[in-house]
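The numbers here are math on the coordinates, done by the rules we state, and not lab data. Quick caveat: nothing in here was measured; it's all calculated off a predicted structure. Cβ placement follows ideal geometry from the backbone for every residue including glycine, while neighbour counts extend to all protein chains displayed.
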Amino acid sequence: MSEWNDDIAGLIYSWYPGQIGFKGFAEIVAGITNPSAKLPITIEKKFEDSPGYGYIPEGKELYTGWDEDHRIIDPIIDVKYDEGVFVGYRWYEHKAIEPLYAFGFGLSYTTYKYSNLQLESESIRAGEKLNLKIDVENTGEVDGKEIVQVYVRDVESSVERPLKELKDFKKVSVAAGDKQTIYFTLTGRDFAFWDADTEDWKIEAGQFEILVGAASNNILASAKLEITNE
C-alpha cells in the first residue's frame, strides 16, 4: 500500500462485506453513512517491519504478482512468530516502528474532541477496581460513532512489558455538536502481568498511566494512578 497510499484522499478497507456489502460501500462513498470502524490490526509500511519477516529461505524470493499461477504449487514455508507478549501493535511500539496505519485507526466524516478525563481515585490498592470517565464531543457537522479506547501503561515494572496495553473500548453515538460522557471500569487483572515464576497473575505496586484515545498512536487524554499494597 505504501507505493500509492499518499496519492489517495481516503481508503475503505471492506474486508468480507457479505451479500449487501456493496450497499454499505456505496452509502459510505456517497456520504449517506458515516464510517465508524477502527482497525483491529496494524498495517506496516513495508514487509520488513513485520515480526513475520525473514522466514523466506536463502535463495528464495517472495512472489507478490498476479501472474504465474504455477507458483501456487511452491512448497509452504512456515512463519515463526516469537514476539511473545509483544504481539500486534505492541511489537511496533516496542521496536519503535512507525506503521502505515496503526491499530485502532479509522476515518470519519466528522471530528471528535476528548476532554475531562477523570479517575474516581488517584490511588487504589492492588486488586481493586478503578472507575473512570471521559467526555467525547462531536466537533463536526455530521452525526457519527466513535470507538473510545482505554490503554494502561505500567511506568516501572520488574519484567519487560509493552509500552501500553489495550484494556477496554466502547463505541458511542455522538450527534453533531453534542457531547457524551463515557464510563469505564478497570479491574485488578487489567494492571497485572503473568508471572512465570509463580505461574499466576501479579500486580506490582507503583505508578501507572491511564491512556485514552482514538487509536494506539493517537492518545488524547492521560491520567496517573498509584497502586499500593496497603
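Worth a mention:
- Cα gyration tensor shape of the range 112-228, rounded if a/c is under 1.5, else prolate or oblate by comparing a/b with b/c: prolate
- Additional length obtainable on full extension of the chain from residue 9 to residue 172, 0.36 nm per residue less Cα span: 56.1 nm
- By the count of neighbouring beta-carbon atoms within 10 Å, fewest first, 119, 186 end up ordered 119, 186.
- When peptides 166-176, 9-19 are sorted by average Cβ neighbour count within 10 Å, with the highest value leading, the order is 166-176, 9-19.
- Set of lysines with alpha-carbon distance to residue 164 below 17 Å, sequence-local pairs under 8 removed: 95, 202, 224
- When only the Cβ of Lys, Arg, Asp and Glu is charged (+1, +1, -1, -1), the dipole of the chain relative to its Cα centre reaches about 840 debye.
- Calculated FRET value between residue 33 and residue 135, using beta carbons and R₀ = 25 Å, to 0.05: 0.50
- Around residue 164: net Lys/Arg minus Asp/Glu count, Cβ-Cβ under 15 Å: -2
- Pairs exceeding a 19 Å alpha-carbon distance, out of 60/80; 23/113; 23/171; 46/171; 23/170: 23/113; 23/171; 46/171; 23/170.
- Inter-label distance for residue 187 and residue 223, nm, one decimal - labels placed 7 Å from Cα along Cα-to-Cβ: 2.1 nm
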